[in-house]
Amino acid sequence: MMAAFEPKIVGILCNWCSYAGADLAGISRTKYPANIRIIRVMCSGRVDPTFVLQAFAEGADGVLVSGCHPGDCHYQEGNYKTYARAEILEQLLEQMGIEKGRFRLTWVSANEGEIFASLVSEMVEEVRALGPFRPTRERFAELQATIGREVAPAAGAGGEGND
Amino acid sequence: MTKLKLAFYWAASCGGCDVAVLDINEKILDVAALADIYLWPIAMDFKYKDVQALDDGFIDVCFYNGAVRNTEQREIAELLRQKSKVMVAFGSCACFGGIPGLANLYGPQEILDRVYQETPSTVNPERVRPETNWKVKEGRLTLPGFFSAVYPLSDIVQVEYYVPGCPPPVDLILRAVQAIATGKLPPPGTVFGSDKTVCDTCPRKKEEKKVKGFKRPHEVIPEAEKCLLEQGLICLGPATRGGCGARCIEANMPCRGCFGPTDRVLDQGAKMTAALGGMISSRNETEVRAALATIVDPAGTFYRFTLSTSLLKGRVRPVEKGCPPGGIVAGS
Ligand code: FES
């Protein structure tokens, strides 16, 4: 039997609020699933959308970006930029066929350890329900394997012609 | 001096790249003085078997334009690779998949259904589809087979140089030809063009990039001097390699991104997302959302030429039934 699917989630958290919040969840011994790999950046405004796409391309099943609440960014307006970027990114991801639940932007402050823990649990369950995301490499290798065998042009006819 | 032996080929592209070669006008005579041509389907009558008869590595340089979408294009790419010392991906389609690469937002079956069934101008009650192999009483008819995706040339064969552009500008073509003719070749893998962005080389005045939303080129006549982004037009300058001579910008048109990303950018779409997201002046979520709703088709706009070489390389799962082109379900 295949092992149950455990989603891999990449969490990119800003140093001043969300990372501290995640830390608080840790030192308060709040339980939450171990599916998230946390990367600390100075500000959510540092999160280049490339990071998100690359995480998916390399096989992350979900990506969580978290920063300070609006108005609280240590650098004044990093998170406003993040918010606008995430809005565009969500549209782009949708066009690329990536389900909504796989990407999230949240605001978590330094004293919201509990909230962080429940956000992660929620996201893990949502992504678990969506199933594994296939890294570009794998998906592409499969596509390239079809280079030798072209697609059957007629639906159902198998492209074998009329004999 | 012995003459250079050249070949040109046209795969999944519009033909504009071949026209760009012809556009070097009287300088084509210099090229003709410098070179003998062994294959050039648009301009000269050679057959594939003429190329097959050549020794391996006989052709000095092959300029291959167009992406690879079907079996014939792959076959000729492999043949020309075998017969050529240097393979040049010529034009944005060969370099990055180009406009045809946008078809990677759909699966092959969706494309065939759309083209042979669903377009309003199609009448096809017998549901005829192209067959790769068909017997008629006179014999057997064959057509090239259709691949599942659009590939840039470098996914199929090894490529030494890239000359981007839709089409490549004449001076860049001449620079490439001269570099090759004089043996002053840059290291393999070089992309002809600048390693700076279009923005870096743009002559327009730039002040603060803050906007309330975006407009499409047909909706405004932009001022001639001022940064197009600051005027609310989606210009791909920040995420695109320069070296094009800023032809579009000089014609008052925003950059469409045909030179692809610079070496330091992995994904043109992600970079444009970052650039445009950072430009919205409002801090109110509803206003921001309204401002960004003016970006009509992010994937098609940001990856206009580079979807096939982007990080995700295309749509990752089939479009659901009832999804309009673009893959976005209304209201979602
Ligand atoms: S420092 Fe937390 S979002 Fe900017």
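Read-outs throughout are calculated quantities, based only on the coordinates presented, and are distinct from any laboratory measurement. Since this is a predicted model, take the numbers as computed values, not measurements. Every residue, glycine among them, receives a Cβ derived from its backbone with ideal geometry; neighbour counts consider all protein chains shown.
Some observations on this one:
- Only one of A:Gly97, A:Gly71, A:Gly101 that is farther than 20 Å from B:Ile295 by Cβ and in a loop (DSSP other than H, G, I, E, B): A:Gly71
- Elements of type helices (runs of 4 or more DSSP H) in the range B:204-299, at least 2 residues being within 25 Å of the chain's Cα centre (by Cα) and within 14 Å of chain A (Cβ to nearest Cβ): B:268-277
- Evaluation of A:Ala25 against the conditions (1) assigned to a strand (DSSP E or B); (2) away from the ligand (no atom under 16 Å from the Cβ); (3) surrounded by 19 or more Cβ atoms within 10 Å (Cβ to Cβ) shows that the sole unmet condition is (1).
- Reported count of residues in the range A:3-59, each being away from chain B (no Cβ under 14 Å), touching an Asp or Glu at 6+ places or on another chain (Cβ under 7 Å) and not aliphatic (A, V, I, L, M), is 6.
- Residues (under 14 Å from the mean Cα position of the chain (by Cα), within 15 Å of the ligand (Cβ to nearest atom) and assigned to a strand (DSSP E or B)) located in the range A:36-68: A:Ile38, A:Ile39, A:Leu64, A:Val65, A:Ser66
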